[in-house]
Amino acid sequence: MTESLLGNRNINQLAFVVKDIESANVAFTKLLGIKKVEPFLTGDSTVSKVIFKGEPTDSKSKLAFLNTPTVQFELIEPDKNPGTMREFLDTVGEGIHHIAFDVDSIQKRLHVMEKSGYPVLQTGEFTSSDGRYVYVDTLDDHKTLVELLESAEPRQTVWEKPEDDSVQPLLGTNKVEQLGIVV
């Protein structure tokens, strides 16, 4: 089997840009029957070092990472500063912003992605751990962006049982088995 451009085929994360992270957080935790987490604010530009379309930006976002048994959902509420999430919200609206993949080396994979016609849109550093990310522009071909994640340490993506035993997934399961993209 041919190696993927990303070096693996394991989706780490489905990320949604939202206007109101609090209401989206409640809706997703109820739908999935998962433990609710509190959103947090990304670090300022001295921590996050965000570069959007080649220019430094003060872009910050509120984030919530919701873990299911199969994939992590990331909810993102961007601020008004220039960045890929703000651009997406302003032009597309709320919805799936990117699919994220863990990679061993962003530099190695970025070279492969750019050579394949997928340029860098935004780069930055993690706020809560030692790692970095890159969004590559796969929108035309894949109808969503791809994020490459490189972590110095394993990230916490394990499903945790909700505190309240009566919380159950509305669909009867919280395992994501398929992602459909209308083209």
Which numbered condition trips up VAL71, out of (1) closer than 30 Å to ASP165 by Cα; (2) under 18 Å from the mean Cα position of the chain (by Cα); (3) modelled with pLDDT under 95; (4) open to solvent by less than 10 Å² (accessible area, probe 1.4 Å)? (4)
Test result for GLY54, open to solvent by less than 10 Å² (accessible area, probe 1.4 Å), over 29 Å from LYS30 (Cα atoms) and not polar (S, T, N, Q): no
List pairs: first residue in segment 83-96 and more than 24 Å from ASP44 (Cα to Cα), second residue open to solvent by less than 20 Å² (accessible area, probe 1.4 Å) anywhere in the structure, Cβ distance under 6 angstrom, at least six positions apart or on different chains. ILE96/THR144
Elements of type helices (runs of 4 or more DSSP H) in segment 82-152, at least 2 residues being at pLDDT below 95, open to solvent by less than 40 Å² (accessible area, probe 1.4 Å) and of a type in the set (Ser, Thr, Tyr): none
If I ask for residues that are in a helix (DSSP H, G or I), farther than 25 Å from VAL92 by Cα and not hydroxyl-bearing (Ser, Thr, Tyr), which ones from segment 31-70 would you list? VAL47
For the structure I just gave you, tell me whether LEU66 is of a type outside the set (Lys, Arg), in contact (Cβ under 8 Å) with a residue 12 or more places away in the chain, touching a helix residue (DSSP H, G or I) at 6+ places or on another chain (Cβ under 7 Å) and within 30 Å of LEU110 (Cβ to Cβ). yes
Give the residues of segment 1-43 that are more than 24 Å from GLN178 (Cβ to Cβ), charged (D, E, K, R) and surrounded by 13 or more Cβ atoms within 10 Å (Cβ to Cβ), sorted by residue number. ASP20, GLU22, LYS36
Among the numbered criteria (1) open to solvent by 20 Å² or more (accessible area, probe 1.4 Å); (2) under 17 Å from HIS98 (Cβ atoms); (3) among the hydroxyl-bearing types (Ser, Thr, Tyr), which single criterion is violated by SER61? (1)
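Inspect all residues belonging to segment 98-110 and state whether any of them is closer than 30 Å to GLU163 by Cα and polar (S, T, N, Q). Outline the logic, then answer.
Start the filter on segment 98-110 by keeping residues that are closer than 30 Å to GLU163 by Cα, which leaves 98-102.
With polar (S, T, N, Q) added as a condition, the list becomes none.
No, segment 98-110 has no match at all.
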Quick test for you: out of VAL158, VAL182, VAL176, pick the one residue that is aliphatic (A, V, I, L, M), in contact (Cβ under 8 Å) with a residue 60 or more places away in the chain, part of a loop (DSSP other than H, G, I, E, B) and within 22 Å of GLU94 (Cα to Cα). VAL176
Lone qualifier among ILE11, ILE21, ILE51 - being in contact (Cβ under 8 Å) with a residue 40 or more places away in the chain and touching a Gly at 6+ places or on another chain (Cβ under 8 Å): ILE51
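Quick one: in segment 46-89, of everything that is basic (Lys, Arg) and touching a strand residue (DSSP E or B) at 6+ places or on another chain (Cβ under 9 Å), which residue is farthest from ILE21 (Cα to Cα)?
Here is the first cut: in segment 46-89, the ones basic (Lys, Arg) are 49, 53, 60, 62, 80, 86.
Filter once more, keeping what is touching a strand residue (DSSP E or B) at 6+ places or on another chain (Cβ under 9 Å): 49, 53, 60, 62, 86.
Numbers: LYS49: 23, LYS53: 25, LYS60: 14, LYS62: 7, ARG86: 14 Å.
Applying the filter and picking the extreme gives LYS53.
The values are calculated or read from the model by the stated rules, or taken from the named source; none is laboratory data. Computed from a predicted model, the values in this text were never measured in an experiment. We place every Cβ from the backbone using ideal geometry, glycine too, and count neighbours over all the protein chains shown. With ligands, DNA and RNA removed, areas are computed over all heavy atoms of the protein, side chains included. Shrake-Rupley method; radii C 1.70, N 1.55, O 1.52, S 1.80 Å.
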